[in-house]
1. Count charges around LYS454 for me, please; just the other residues with Cβ under 12 Å from its Cβ, Lys/Arg as +1, Asp/Glu as -1.
2. Of the options ILE472, PHE387, ALA70, report the single residue whose Cα projects farthest towards the positive end of the charge dipole of the chain (beta-carbon charges: Lys, Arg +1; Asp, Glu -1).
3. Under a straight-distance cross-link criterion of Cα-Cα below 18 Å, which lysines are reachable from LYS101, leaving out those fewer than 8 residues away in the same chain?
4. Take the alpha carbon gyration tensor of the range 234-374, find the square roots of its eigenvalues, order them as a ≥ b ≥ c, and report rounded if a/c is under 1.5; if not, report prolate when a/b exceeds b/c, else oblate.
5. Projected onto the charge dipole of the range 73-207 (+1 at Lys/Arg Cβ, -1 at Asp/Glu Cβ, origin at the Cα centre), which of VAL121, GLN181, VAL138 gives the Cα projection farthest towards the positive end?
6. Within the range 136-170, which trypsin sites (Lys or Arg not before Pro) sit in a loop by DSSP and count at most 16 neighbouring Cβ atoms inside 10 Å?
7. Quick one: compute the contact order of the chain, relative version, from alpha carbon pairs under 8 angstrom and 6+ residues apart, as a percent.
8. If you plug each phi of the range 432-444 into the Karplus form 6.51 cos²θ - 1.76 cosθ + 1.60 with θ = phi - 60°, what whole-Hz ³J(HN,Hα) values come out, in order, with x for Gly and Pro?
Amino acid sequence: MGIIKVTSDDIKVQSEAIASLRDYFTMRASERGTAFTYDIHTYGCQLNESDSEKLIGMFQQMGLTENDPASGKEPDIVLLNTCAVRENAEDRLFGNLGEFKKVKKVNKDLTIVVCGCMMKVEENVARIKKSFPYVDLVFDPQQLHRFPELLKDSLNIKKQVINVGTEDYIADDSLVPIARQRKFRALVPIMYGCNNFCTYCIVPYARGRERSRDFDSIIEELKTLADQGYKEIMLLGQNVNSYAGDDGKHTFPELLRAAAEMKEFSRIRFMSSHPKDLSDEVIDIMASYKNMETHLHLPVQSGSDRLLKIMNRPYNIEQYMRTVDLFRSRIPDGAISTDIIVGFPGETEEDFQGTLDVVKAARFDSAFTFQYSPRPGTKAAAMTDDFIPHDVVTERFGRLLELQNNLTFESNKARIGKVEEILIEGESSTAPDILTGRTRSNHLVNFTIPESLKIPGMTANDYEGRLCTVKIDNARPYSIDGVMESLL
Ligand code: SAH
Ligand code: SF4
Ligand code: F3S
């Protein structure tokens, strides 16, 4: 137990394991005449995406490349980085694992690795041991930096290796390889774990105790990212507002301000914010810097003060709405998104009405809505007497969705006629010649480039990470359309 710092000795062990795996894969590849490849599947939140960037970084250092499905070949290592936040996320994993059994029949070299939050839930590990003996390696998210040694063990001993511990490690991210998956966007975890223990949530069990990264090390990383040309940074944590540095002497506003001062970045984003910890100062910073995203993700979870208490969310709707109102008055063009759970144990129709009311009052620009899913080991999972029948949950969920869909559409319509600054993310999947990007308020925009603005020889990819202005001329339920006015 406890929080352990990953030392330079640990990183040395990691590098040695990577070097020896590199030799091994090179030798085996020349024996069989084809290179070794990996395939990675990431579920869950941006923290998992960030972890996957580190795992891919390690794969690359081992000399592996990503398997190209078009090659018709099967990968040699399949890694599943799992999420445990809701039951359906777990169902997907076990469904997929069955599929990989078939791949293993085709490629005898195949190594199957399962890591991520699900591996901190005993039942899941037990199920893998019992029903999926062909899974080669299991480890938990806190042991990410040990992946190379564990993989080496697994290849050596040729039986299932399970490494799930109780320690919460914190590594200096500048020492580990990171293969960033977006040309313009860098995910920067500033803290790991969570201490809030909302009674429905598995994250504190899966990710361990809250631990903040060293302030100077984050600043160094940001400077490097600026030098490397990254335009958007996303500061990540389960509750970024309780960031304290590794010495407890720093604050999130201090970090956010330091990031916003770096003019090389055109967008600074952060998530998630817990309503109990979001300070007015953060809203102030969002209002004061042009490179700050004007979007706030502020999960409300429920509109019932009674349920918020049972959820162990220490704020009430009056306090929540005070923050919303402050944000709306300081940043009138901004957007607020939220997370909402429907059907938490004991939720009455009156509680649910409270949720509909807060959604109407806050006029959320978008929302992630979830049906309550009991998670093993959490307090709420033991409230079985209060579980809400499935049909009641789905009926309420439908009503909430309809309300929110209307609000999202309204929020999109309100953008029509405006000229917005867009960070271009690349070619849209909707049609050729259409680019996609986001406004400062995180609205998704698909737009065309008028002939007069087209630069000969410039492909959609070249626009990725550039800023432009777009005149919005149409709203759809989940996105907006427009025409580029100028490339910045
Ligand atoms: N740390 C973030 C949330 C991480 S989990 C925060 O506190 O804002 C993302 C969302 O999943 C939560 O906000 C919650 O709405 C939802 N969620 C978590 N546990 C859940 C459960 N057991 N059932 C349904 N939804 C859940
Ligand atoms: Fe889960 Fe609550 Fe922590 Fe968010 S703050 S990760 S919902 S326990
Ligand atoms: Fe899922 Fe773990 Fe994130 S449980 S939501 S991947 S922290």
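1. Value of the local net charge: -3.
2. ALA70
3. In chain and number order, the partners are LYS73, LYS129, LYS130, LYS158, LYS159.
4. Working: a/c = 2.29, a/b = 1.71, b/c = 1.34.
Prolate, because a/c is 1.5 or more and a/b exceeds b/c.
5. Of VAL121, GLN181, VAL138, it is GLN181.
6. LYS158, LYS159
7. Values: 932 pairs, mean separation 50.7, N = 488.
Averaging sequence separation for qualifying contacts and normalising by length gives 10 percent for the chain.
8. x, 6, 10, 9, 10, x, 10, 6, 4, 8, 6, 6, 7
A short reminder: the numbers here are calculations on the coordinates, not readings from a lab. These numbers come from a predicted model, not from an experiment. Please note: Cβ atoms are built from the backbone with ideal geometry, for glycine as well, and neighbour counts cover all protein chains shown.
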